[in-house]
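Reviewing the structure listed below.
The values are calculated or read from the model by the stated rules, or taken from the named source; none is laboratory data. Computed from a prediction, not measured in an experiment: that's the story for all the values here. Cβ atoms come from the backbone with ideal geometry, glycine included; neighbour counts cover every protein chain shown.
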Amino acid sequence: MPRVAFIGLGRMGHGMAGRYLDAGFAVTVWNRSKAKAEDLIARGARWATSPADAAIDTDAVVTMVADDEASRAVWLGEDGAATTMKAGTLAIECSTVSHRHALDMSRELDSRGLIYIDSPVTGLPDAAASGNLTLLVGADAADLEKARPFLEPIGATIRHFGAVGTGTVYKLINNLMGAIQIAGIAEGLAIAEQAGLDMKLVLQSIETGVIASPQVIRHSKRMAARNFADATFTATLRHKDAAYAVALAESLLADKPLMSRAAVESYARAKAIAPDDDEAKIIELVSRAKRE
Ligand code: NAP
């Protein structure tokens, strides 16, 4: 029976860990707050007292935590997974981290004889729980083959972009383009509302026009209805991803990345007001009427 240690049981990680149980793996779980693990433990997962404890005698460690800081803590902290992983064990980073961080982790973990691959994901929490994520992999081809049995339970599609770090490059540009679109939808809808347009007609026109994308359609409906009930992605996470994308852009492009910076600024404002609320709530920020 393959053994996996899963670290980080938030909106995404909880469902992903459950997929390994469904697939018959021996699963050990750790999360900073234990409450999120209770039902997984009831389903047969072993609770670990730390990432280091989770990683003892496992074939692969998979992480799905918030950001660089959290990733560093769970891999390399005092009780980090890397302190107990045996040489040759897979270290699979599914968290969205910065490109610099993915390269640093790869260097650090490889120097300990571990196999680090970056495999950030696209898909919402429901896709995570049903094994329908798209995995964006950066890894040597041979390492990807070793990791494949641990990727298949969580991803319906595996896209291999190249060496370590390349999956993260794609994830960051994907989310940057998303951030710009979502901030743009909020401003467009806000203008339409204040100008008194029939919003039903506006939504119909968006849905059938050339700017329609799955993301534009989903968010425009939710924003117009001010329906943020199914919070899936927070303003804090969107801001983090945009900030990581700006750092990447600045390391590669001669020109100032204006759109990326605008996205960071927009989500910094949203995060300051409601850090844990859905990113689409940005409409509430931008839709206030101008006072004469
Ligand atoms: P979330 O619900 O906020 O969960 C964040 C996870 O990180 C929790 O397990 C949290 O532990 C842990 N964490 C945060 N800081 C930590 C620290 N300093 N040390 C240890 N653990 C820490 O976020 P999520 O939506 O699941 O997102 C997880 C990752 O997936 C992020 O990198 C995000 O960008 C990416 N992602 C999210 C989505 C989405 O739709 N939500 C889609 C694709 C990718 P606690 O439970 O104790 O707080």
Being surrounded by fewer than 20 Cβ atoms within 10 Å (Cβ to Cβ) and outside any helix (DSSP H, G or I) is the filter; apply it to the stretch 60-78 and report the residue that is farthest from the ligand (Cβ to nearest atom). 78
If we ask which residues in the stretch 207-223 are within 14 Å of the ligand (Cβ to nearest atom) and touching a residue at least 24 places away in the same chain (Cβ under 8 Å), their number turns out to be 3
Quick check on my filter: what residues within the stretch 26-39 are assigned to a helix (DSSP H, G or I) and either closer than 11 Å to residue 6 by Cα or in contact (Cβ under 8 Å) with a residue 60 or more places away in the chain (or both)? 37
Restricted to the stretch 128-142 and to residues being away from the ligand (no atom under 16 Å from the Cβ) and of a type in the set (A, V, I, L, M), the residue nearest to the chain's Cα centre (by Cα) is 139
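Do you know which of the residues in the stretch 171-228 that are of a type outside the set (S, T, N, Q) and touching a strand residue (DSSP E or B) at 6+ places or on another chain (Cβ under 7 Å) is modelled with the highest pLDDT?
First pass over the stretch 171-228, keeping only residues of a type outside the set (S, T, N, Q): 171-173, 176-180, 182-193, 195-203, 206-207, 209-212, 214, 216-219, 221-226, 228.
If we keep only those that are touching a strand residue (DSSP E or B) at 6+ places or on another chain (Cβ under 7 Å) as well, we get 171, 228.
Details: 171: 98, 228: 90.
Out of the qualifying residues, it is 171.
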Would you be able to tell me the number of residues in the stretch 237-255 that are over 19 Å from residue 184 (Cβ atoms), free of Cβ contacts under 8 Å to residues at least 60 places away in the same chain and not aliphatic (A, V, I, L, M)? 2
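A quick yes/no check of all residues on (1) loosely packed, with under 11 Cβ neighbours inside 10 Å; (2) more than 16 Å from the ligand (Cβ to nearest atom):
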site: 225; (1), (2): no, yes
site: 231; (1), (2): no, no
site: 246; (1), (2): no, no
site: 251; (1), (2): yes, yes
site: 257; (1), (2): no, yes
site: 263; (1), (2): no, no
site: 280; (1), (2): no, no
site: 283; (1), (2): no, yes
For the stretch 79-114, enumerate the residues that are surrounded by fewer than 22 Cβ atoms within 10 Å (Cβ to Cβ) and of a type in the set (Asp, Glu). 79, 104, 108, 110
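Are any residues in the stretch 112-127 more than 12 Å from the ligand (Cβ to nearest atom) and part of a loop (DSSP other than H, G, I, E, B), and if so, which ones? It would help to see each step written out before you state the result.
Keep residues of the stretch 112-127 that are more than 12 Å from the ligand (Cβ to nearest atom), which gives 112-117.
Within the stretch 112-127, 112, 113, 114 meet the criteria.
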Would you check which residues across the stretch 128-166 are assigned to a helix (DSSP H, G or I) and in contact (Cβ under 8 Å) with a residue 60 or more places away in the chain and list them? 128, 129, 130, 147, 149, 150
Unmet criterion (only one of (1) crowded, with 24+ Cβ neighbours inside 10 Å; (2) of a type in the set (A, V, I, L, M); (3) part of a loop (DSSP other than H, G, I, E, B); (4) within 14 Å of the ligand (Cβ to nearest atom)) for residue 16: (3)
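Please determine whether any residue of the stretch 165-175 is of a type in the set (Phe, Trp, Tyr), within 16 Å of the ligand (Cβ to nearest atom) and out of contact with any helix residue (DSSP H, G or I) (no Cβ under 9 Å at 6 or more places or on another chain).
Filtering the stretch 165-175 down to residues of a type in the set (Phe, Trp, Tyr) leaves 170.
Adding the requirement that they be within 16 Å of the ligand (Cβ to nearest atom) leaves 170.
Narrowing the set further to residues that are out of contact with any helix residue (DSSP H, G or I) (no Cβ under 9 Å at 6 or more places or on another chain) leaves 170.
Scanning the stretch 165-175 turns up at least one residue that is of a type in the set (Phe, Trp, Tyr), within 16 Å of the ligand (Cβ to nearest atom) and out of contact with any helix residue (DSSP H, G or I) (no Cβ under 9 Å at 6 or more places or on another chain).
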Tell me whether the stretch 145-155 contains one or more residues that are within 14 Å of the chain's Cα centre (by Cα) and either within 16 Å of the ligand (Cβ to nearest atom) or among the charged types (D, E, K, R) (or both). yes
For residue 26, work out the one condition from (1) surrounded by fewer than 23 Cβ atoms within 10 Å (Cβ to Cβ); (2) within 20 Å of the chain's Cα centre (by Cα) it doesn't fulfil. (2)
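Which residues, taken from the stretch 82-103, are polar (S, T, N, Q), touching a Ser or Thr at 6+ places or on another chain (Cβ under 7 Å) and within 11 Å of the ligand (Cβ to nearest atom)? Let's see the steps before the verdict.
Applying the first criterion (polar (S, T, N, Q)) to the stretch 82-103 yields 83-84, 89, 95-96, 98.
Now drop any that are not touching a Ser or Thr at 6+ places or on another chain (Cβ under 7 Å), which leaves 89, 95.
Of everything in the stretch 82-103, just one residue is polar (S, T, N, Q), touching a Ser or Thr at 6+ places or on another chain (Cβ under 7 Å) and within 11 Å of the ligand (Cβ to nearest atom), namely 95.
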